[in-house]
């Protein structure tokens, strides 16, 4: 008996057009860029928070050194005047 061979036909790939693919790729590229921008902003925010915390710590240390000179006072940062802060009695 003879063997029958069928000619293999090349299956047409399911594909969008080149223009459609380019448009999809453009959208994905824009989304990826926006996500990178958001990540960068989150990093900048975190660095800003750390800087604020550091400066607040420095201010607290400086206030302690000023308390040794002036006692418990509140300093007006506009003109440098200060007022004594009255000691509040302990609540029992």
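The values are calculated or read from the model by the stated rules, or taken from the named source; none is laboratory data. These numbers were taken from a predicted model, which means no experiment stands behind them. No Cβ is skipped: glycine too gets one built from the backbone with ideal geometry, and neighbour counts run over all protein chains shown.
Going by the conditions given, is residue 15 modelled with pLDDT under 95 and either more than 37 Å from the chain's Cα centre (by Cα) or surrounded by 10 or more Cβ atoms within 10 Å (Cβ to Cβ) (or both)? Please lay out each step first, then the result.
Numbers: modelled with pLDDT under 95: yes; either more than 37 Å from the chain's Cα centre (by Cα) or surrounded by 10 or more Cβ atoms within 10 Å (Cβ to Cβ) (or both): yes.
Yes.
For the range 46-92, name all the residues that are assigned to a loop (DSSP other than H, G, I, E, B) and without any contact (Cβ under 8 Å) to a residue 12 or more places away in the chain.
From the range 46-92, those assigned to a loop (DSSP other than H, G, I, E, B) are 71-72, 76-81, 85-92; that's our starting set.
Selection gives 76, 77, 78, 79, 80, 81, 86, 88, 89, 90, 91, 92.
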